[in-house]
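Engineer: Before anything else, here's the structure in question.
The values are calculated or read from the model by the stated rules, or taken from the named source; none is laboratory data. Predicted model, so just to flag it, every value in this text is computed and none were measured. Cβ placement follows ideal geometry from the backbone for every residue including glycine, while neighbour counts extend to all protein chains displayed.
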Amino acid sequence: MIVAALQAEARSGDLAHNVATAARLVRQAEARVAVLPEAFLTGYDAAAFATPPTLATLSGPVLDPLRAAAAATGTTVVASAALARAAGRRTLSAIVVEPDGTVAAPYDKQHLDGDEPTWFVAGDHLATLTVDGRVLGLSICRDGSIPSHAAAAAAAGATVYLASVAYFPGGARRLDVTYAARALDHGLHVVVAGLTGRCGPHTFIGGSAVYAPDSTALVRLGDEEGVAVAEILG
């Protein structure tokens, strides 16, 4: 299985721009599974968090370029967005786009960080995907810093751990140690997609990588836009 972590800058609240960027990177990677950074579709800042889209919106024409890219490459895309849910709730969610064009939001970030609790409610359940017979665990940023989260994914049968993240300056070492440890703890391949550049008032450091089960980084990016592609064997 070819997997890819897609890394780019997101524009706050600019769904069309961010979707177009995601679609371009999916076509570039030509992977079976591709992961985008935390809140990439909406952007990660207060302005984007204040007025997030609904799943119905993301299931409409706005995601058509990403659907087309997924269909053309046969890629299951794991994106991420701030999402408006029922009863006024907001979540930081995984948005899965399948090659057949279906869109789902199967997972909400369980371990909120910083000022995120001001905007969002935490998810209450683990989620996995199955692609070509492989079980893939879903995580969003701080989830990966909680060892029990990856442990639960492994217990559910996951052999690959997909992480959408957004790390601030000074966090590069923590990012590397965290996801190398998750790989080694449970014998998982770990795919980490990091937000980079500026979004609103924030700067992000990228750091996308794919880790082997022995914690070796098979491929790693700095803070540049790009795709980190690796093959998972066995």
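Matching residues to (1) at positive phi; (2) of a type in the set (A, V, I, L, M, F, W, C); (3) free of Cβ contacts under 8 Å to residues at least 24 places away in the same chain:
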{"position": "Ala158", "(1), (2), (3)": "no, yes, no"}
{"position": "Tyr161", "(1), (2), (3)": "no, no, no"}
{"position": "Tyr167", "(1), (2), (3)": "no, no, no"}
{"position": "Gly171", "(1), (2), (3)": "no, no, no"}
{"position": "Val177", "(1), (2), (3)": "no, yes, yes"}
{"position": "Ala180", "(1), (2), (3)": "no, yes, no"}
{"position": "Ala183", "(1), (2), (3)": "no, yes, no"}
{"position": "Gly187", "(1), (2), (3)": "yes, no, no"}
{"position": "Thr196", "(1), (2), (3)": "no, no, no"}
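Engineer: Tally time: how many residues in the stretch 167-184 are touching a Ser or Thr at 6+ places or on another chain (Cβ under 9 Å) and either surrounded by 16 or more Cβ atoms within 10 Å (Cβ to Cβ) or not in a loop (DSSP other than H, G, I, E, B) (or both)?
Structural biologist: 8
Yes or no, residue by residue, for (1) of a type outside the set (S, T, N, Q); (2) surrounded by fewer than 18 Cβ atoms within 10 Å (Cβ to Cβ):
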| residue | (1), (2) |
| --- | --- |
| Ala5 | yes, no |
| Ala8 | yes, no |
| Ser12 | no, no |
| Val33 | yes, no |
| Tyr44 | yes, no |
| Ala48 | yes, no |
| Pro52 | yes, no |
| Pro61 | yes, yes |
| Gly74 | yes, yes |
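Engineer: Has the stretch 154-175 got at least one residue that is under 15 Å from the mean Cα position of the chain (by Cα) and farther than 21 Å from Ile95 by Cα?
Structural biologist: Yes, that holds for at least one residue.
Engineer: Scan the strands (runs of 3 or more DSSP E) fully inside the stretch 1-118 and keep the ones with 3 or more residues being modelled with pLDDT of 95 or more, within 19 Å of Val210 (Cα to Cα) and of a type outside the set (Ser, Thr, Tyr).
Structural biologist: 2-7, 33-35, 76-84
Engineer: Ile232 passes all but one of (1) of a type in the set (A, V, I, L, M, F, W, C); (2) closer than 22 Å to Gly74 by Cβ; (3) free of Cβ contacts under 8 Å to residues at least 60 places away in the same chain; (4) surrounded by fewer than 19 Cβ atoms within 10 Å (Cβ to Cβ); which number fails?
Structural biologist: (3)
Engineer: Quick check, is Glu38 crowded, with 24+ Cβ neighbours inside 10 Å, touching a residue at least 24 places away in the same chain (Cβ under 8 Å) and of a type outside the set (A, V, I, L, M, F, W, C)?
Structural biologist: Yes.
Engineer: Criterion first (under 13 Å from Val227 (Cβ atoms), within 17 Å of the chain's Cα centre (by Cα) and free of Cβ contacts under 8 Å to residues at least 24 places away in the same chain) does Thr21 satisfy it?
Structural biologist: yes
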